[in-house]
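Remarks on the structure that follows.
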Amino acid sequence: MPFKLSDEFKETAGHICARYPRRDAALIPLLHELQKEKGYVAEEAMDELAKFLELPYTRVKAVTTFYTMFNRAPAGKYHIQVCRNISCHMAGAPDLLGHLRTRLSIEEGETTSDGIYTLSSAECLGACGTAPVIQVNEEYFESMTLEKLDALLEDLKRGRLRAGAL
Amino acid sequence: MPKLTIDGKSVEVPAGRTLLEAAQLLGVYIPRYCYHPKLSISGNCRMCLVEVEKSPKLVTACSTEAAEGMTVLTTSERVIKARREVLEFLLINHPLDCPVCDQAGECGLQDYYMDYSRQKSRFPAADKVQRQKRRAVGPYLMLDNERCILCTRCVRFCAEVTKTSELEVMERADHSFIDLKEGKALDNEYSLNLADLCPVGAFTSRDFRFKTRVWFLKKTPTICLGCATGCEIYAQHNENTLYRLLPRPNAETNTWLCDHGRMTYKTVRAGDRLNKALIRRGLIDLEPALREAATRLDEFKDAAAVLGSPWLSAEDNAALGRLAKDGLKTDHYCFDFSAEQGIKDGILINKDSAPNTAGLKAVKSAYGGLALEDFTTLLAGGKIKTLVTEANAYGLVKAAAAAARVRLIIFALNRGEAPATAHAVLPYASYFETAGTFVNYQGLRRATAAAVEPQPGVWPLWAVVNKLASYSGAELHIDCGEAALEGINFK
Amino acid sequence: MTDNILLKNNIAGLEAYFACGGYKPLKKALGMKPAEIIEEVKKSNLRGRGGAGFPTGLKWSLVPPDALGQRYLVCNADEGEPGTFKDRELILKNPHALIEGMTIAACAIGAAHGYIYIRGEFAAETEFLNKAITEARAKGFIGKNILGSGFNFELFTHRGAGAYICGEETALLESLEGFKGQPRLKPPYPALKGLFSSPTVINNVETLAAVPSIIERGGEWYAALGTGKSGGTKLFCVSGPVNKPGVYELPLGTAFKDLLEVNCGGMKPGKVLKAVIPGGSSTPVLTAREASAVKLDYESLAAAGSMLGSGGVIIIDDTQCMVRLLQVLARFYHHESCGQCTPCREGCGWLEKILNRLEEGTASHRDIDLLYSVAEGMTGRTICALADAMALPVMSFVTKFRGEFEAHAAGRVCGK
């Protein structure tokens, strides 16, 4: 079945586009919406979005591939990102990452075969005072230790992604 | 009008001009990759950095507006160092492809390296970022992402000139690469301009691929005859073989050249190029063919007709006119062509696919003749037994002539363009092989120049007509193109 | 000790903010002429708190007062500079100071529309901010005919999508307009031609949040809180092996020693200070000795060969390998380069590769000079400052900790 933008999406898109004097300024917010719906931005979705905003496909693709937050392929149910920048590095991020690689048996950039976990490293997440920091989907987990990481993995195994620091 | 100094020389420029444009007026060359006079300013390659007094940093000449009193240095030590170092950055990830790259000899990196660098590499070849090579991205273009220096000229051309936006830079940092939609071809009608625009061998012509090294090529300035736009071009050739056509940028007509126009050189050595004549589909030398054709014309002298052609030069049309008036002594001839002229796609391609409709007005002025409609009616009427014309022009009266079973004497370059029913098909020299005068849709009169020699047995059309007439008992004395044009006034 | 202006407790909600005098400065500003508001901010010596430190009043005054058409006010909440986490704190603790500050700034420059460009990873913070904006709109502090003044100001948040470069003001504008975050050529500057080609002011969260207090108590009061040229307080973010890392609001001109010993409770037990990056990873590193002598303000840090930057203070102890840390930073800048211009796109990758070799123990001594040379070749030649942000740390690390680089080149790499 050919991909079509849902009516829900189009309605939300209408509200978002209205915030800007030019429709194409809504491109990035709308890509976020697409990703919220499906977990990633598919090729066909980019096509349809391009038509919706009356933009060349190449513009949509260039923008999608420029920004790191847009997944081009479906990610796992839980996308675990470990900050690897300087303060988190000094606070032990490499150990956390290594621990995750072992526990999940995947390398950075990979997804577990059951589709539950995707592991990546991330650049500075803007929470250096509580380093090391891990982001799972949209939640921040700060002042992480190996113990807290194991507890987090337990939660995730039970399908519980509790709110992070907030 | 700001007045400024560049390398000690003073220059005054209209407001809004850049330092690069100002330098150009002085004949000072500033190296550049991403800048192109017909595209928007990008300022990303950083090759054009120059020193401006009182400015702490070097500035890009392509994007800095010339201001009153500015003092610019384009060859100071800082500038020379910057050029060398920008080049070094460009070369670190550039593949060592020169031995197999068609761009060699006209490559921006090679040229600037020799002019501004010549330093040894400090970067291990094994560390070079690798990307896709040898991607056929359209009927005419090959893309090699490793060679690309990301100047974005190609992206801007497709966005701003053809407005088709097939290309964009995907991803970021040194993972960036030029890409187009998967499954889509880069087949806008101007795609080969990217091979010209690309300063390096990232975009190259598939047609030209591996055929020859550019330093062997000679270039002959001539005119494209693909349509009534009549772009100025260079025909590049060596040892009597044509290899490619390039645009010859000029203010009046063209900066670019369309893909169709670029391929027009192929007729010259196409497999079915005629270097002999055909009598009833049998190949025969020109001389006996002309004698046969002359006999046919004499058979029904007042039932012969001549049709000019907007695909032929003014000289060749004039010769046909002389054949009709002074050779056959008939008034069954026509030089009346009035196809609508003008650019049809907003860029270069003309509504009129014939190159000399405007030029024929002068021939018609000089010789008169029937209107095309009347001529067509005449053909259909049955009075005409023999028609002399050129293959493409024949297409305009085909139905009428075929219905009346008119015997055809057709001038053709290639066998494929001649009608199968023709009684005689006569070869003639193409306009890559001989000079010819053409007038484009703007009324500009230009001439082609011979880049290669015709094959033995192939002569300019006016010479063949001259011979044909003499076999028919009329001496036209058309010994050269200029002689053919006598009496033709192009005003 | 000065009272905090920005990091106050328990005023995140509109009721509490209002009860503490919030939105009174807005009312005052609505009765002032735009030129008067700008004059007050000029007097305050407030300088951009995002990292560039450009004088705020001056920036506002560059918007041509008689320019026709729309003007825009944009808040840069793309906090991405490693070591910096103050804007997040500010948004969560005092969102209305930002909203009020933006509305006052909009008055000053004649903007009817504002956007808060907030980094995509701050999903929770965006939601929090949206709630605060809704609250403010409901009470008539933003929207149409604010407080009956006839002034309109519509404010939206706009999420980024993961690109440090979007913290650069023109890259931010590009991203806001729905393009890749590739910085623009300047001139023209955003004050003349910014968002959607209209005159635009872009300011950091902290900068805008300081505006209400400046209007309330006057520019001179704000200026006096700091030093002669650096007015007001600054949010310093301290990360690293200290007892109390976090965000501290202190007057500009505070001694680094005091920040470390008094506010942060000193180094963790057993940790010895080796180096300090004072203003986010893009600022040159200071040795422990240099840091202990320096005051935290724009001028003093510049005189010490570094910068105040974002105020992201990264504390490095002597168990850390400077080569390894530089490698971490190099990987960051390489990843974040937008790729537009040659020296940055190629140079960042090159530097990371050299540092990889140094870390592996396969580099030579020549590679150390090469590191410096490549970094130099990147400075001052690019469209934006990311290349300089990569190059300055490289040059400062190599200069001040050369011994460690030499050791690596000799094959003595660390266990880490």
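The values are calculated or read from the model by the stated rules, or taken from the named source; none is laboratory data. What you see is a predicted model, and the numbers here were worked out from it, not measured in a lab. A quick note on method: Cβ atoms are made from the backbone with ideal geometry, for glycine too, and the neighbour counts reach across all protein chains shown.
One residue stands out among those in segment B:466-481 that are closer than 11 Å to B:Glu315 by Cα and touching a residue at least 40 places away in the same chain (Cβ under 8 Å): the one that is surrounded by the fewest Cβ atoms within 10 Å (Cβ to Cβ), which is B:Gly481. I'd like the full set of residues that are of a type in the set (D, E, K, R) and within 14 Å of chain A (Cβ to nearest Cβ), limited to segment C:116-149. Of everything in segment C:116-149, those that are of a type in the set (D, E, K, R) and within 14 Å of chain A (Cβ to nearest Cβ) turn out to be C:Arg119, C:Glu121, C:Glu125, C:Glu127, C:Lys131, C:Arg137. The set of residues in segment A:83-96 that are crowded, with 21+ Cβ neighbours inside 10 Å, out of contact with any Phe, Trp or Tyr (no Cβ under 6 Å at 6 or more places or on another chain) and within 13 Å of another protein chain (Cβ to nearest Cβ) comprises A:Cys83, A:Arg84, A:Ile86, A:Ser87, A:Cys88, A:His89, A:Met90, A:Ala91, A:Ala93. Mind checking which residues of segment C:354-398 are surrounded by fewer than 20 Cβ atoms within 10 Å (Cβ to Cβ) and out of contact with any helix residue (DSSP H, G or I) (no Cβ under 8 Å at 6 or more places or on another chain)? Answer for segment C:354-398, where residues must be surrounded by fewer than 20 Cβ atoms within 10 Å (Cβ to Cβ) and out of contact with any helix residue (DSSP H, G or I) (no Cβ under 8 Å at 6 or more places or on another chain): C:Glu360, C:Thr362, C:Arg366, C:Asp369, C:Ser373, C:Ala385. Note on segment C:150-194: residues that are touching a Phe, Trp or Tyr at 6+ places or on another chain (Cβ under 6 Å) and either modelled with pLDDT under 95 or more than 9 Å from chain A (Cβ to nearest Cβ) (or both) total 1.
Residue-wise test of (1) of a type in the set (S, T, N, Q); (2) buried (at least 23 other Cβ atoms within 10 Å of the Cβ); (3) in contact with a Leu (Cβ under 7 Å, 6 or more places away or on another chain); (4) within 19 Å of B:Thr389 (Cα to Cα).
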residue: B:Arg291; (1), (2), (3), (4): no, no, no, yes
residue: B:Ala314; (1), (2), (3), (4): no, yes, yes, yes
residue: B:Gly321; (1), (2), (3), (4): no, yes, no, yes
residue: B:Lys329; (1), (2), (3), (4): no, no, no, yes
residue: B:His332; (1), (2), (3), (4): no, no, yes, yes
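When restricted to residues that are more than 9 Å from every other protein chain (Cβ to nearest Cβ), aliphatic (A, V, I, L, M) and more than 17 Å from the chain's Cα centre (by Cα), segment A:17-44 contains 1. Looking across segment B:160-179, the residues that are within 7 Å of another protein chain (Cβ to nearest Cβ), over 33 Å from the mean Cα position of the chain (by Cα) and not in a loop (DSSP other than H, G, I, E, B) come down to B:Ala173, B:Asp174. The requirement of being surrounded by 19 or more Cβ atoms within 10 Å (Cβ to Cβ), free of Cβ contacts under 8 Å to residues at least 40 places away in the same chain, within 14 Å of chain C (Cβ to nearest Cβ) and among the aromatic types (Phe, Trp, Tyr) is satisfied by A:Phe66. Checked against the criteria, B:Asp196 does not count as surrounded by fewer than 24 Cβ atoms within 10 Å (Cβ to Cβ), in a loop (DSSP other than H, G, I, E, B) and out of contact with any His (no Cβ under 7 Å at 6 or more places or on another chain). Any idea which residue in segment A:138-166 is farthest from C:Asn263 (Cα to Cα), counting only those that are within 10 Å of chain C (Cβ to nearest Cβ), touching a strand residue (DSSP E or B) at 6+ places or on another chain (Cβ under 9 Å) and surrounded by fewer than 17 Cβ atoms within 10 Å (Cβ to Cβ)? Out of the qualifying residues, it is A:Ala163. Would you check which residues across segment A:5-22 are hydrophobic (A, V, I, L, M, F, W, C) and in a loop (DSSP other than H, G, I, E, B) and list them? Answer for segment A:5-22, where residues must be hydrophobic (A, V, I, L, M, F, W, C) and in a loop (DSSP other than H, G, I, E, B): A:Leu5, A:Ala18. For segment C:325-338, state whether one or more residues are of a type in the set (A, V, I, L, M, F, W, C), surrounded by fewer than 20 Cβ atoms within 10 Å (Cβ to Cβ) and either more than 24 Å from the chain's Cα centre (by Cα) or within 14 Å of chain B (Cβ to nearest Cβ) (or both). No, segment C:325-338 contains no residue that is of a type in the set (A, V, I, L, M, F, W, C), surrounded by fewer than 20 Cβ atoms within 10 Å (Cβ to Cβ) and either more than 24 Å from the chain's Cα centre (by Cα) or within 14 Å of chain B (Cβ to nearest Cβ) (or both). Only residues that are of a type in the set (A, V, I, L, M) and part of a strand (DSSP E or B) were counted across segment C:298-345, and they come to 4. Please verify whether C:Leu351 is surrounded by 21 or more Cβ atoms within 10 Å (Cβ to Cβ), of a type outside the set (Asp, Glu), part of a helix (DSSP H, G or I) and touching a residue at least 24 places away in the same chain (Cβ under 8 Å), treating the condition exactly as stated. Yes; evaluated as a whole, the condition is true for this residue. Residue count for segment B:101-140 under the criterion of being touching a residue at least 40 places away in the same chain (Cβ under 8 Å), out of contact with any strand residue (DSSP E or B) (no Cβ under 8 Å at 6 or more places or on another chain) and among the aliphatic types (A, V, I, L, M): the result is 3. Taken over segment C:317-328, residues that are closer than 23 Å to C:Gly246 by Cβ and out of contact with any Leu (no Cβ under 7 Å at 6 or more places or on another chain) amount to 5. Taking the options C:Ser292, C:Ser213, C:Ser282, name whichever one is crowded, with 22+ Cβ neighbours inside 10 Å, away from every other protein chain (no Cβ under 14 Å) and among the small types (Gly, Ala, Ser). Answer to the check: C:Ser213.
Among the criteria (1) more than 23 Å from C:Leu235 (Cβ to Cβ); (2) more than 12 Å from every other protein chain (Cβ to nearest Cβ), the one C:His113 does not fulfil is (2). Residues of segment B:278-296 that are assigned to a helix (DSSP H, G or I) and hydrophobic (A, V, I, L, M, F, W, C): B:Leu286, B:Ala289, B:Leu290, B:Ala293, B:Ala294. When segment B:432-453 is filtered for residues that are in contact with a helix residue (DSSP H, G or I) (Cβ under 9 Å, 6 or more places away or on another chain), on the phi < 0 side of the Ramachandran plot and not aliphatic (A, V, I, L, M), the ones remaining, listed by number, are B:Phe432, B:Glu433, B:Thr434, B:Gly436, B:Thr437, B:Phe438, B:Asn440, B:Tyr441, B:Gln442, B:Arg445.
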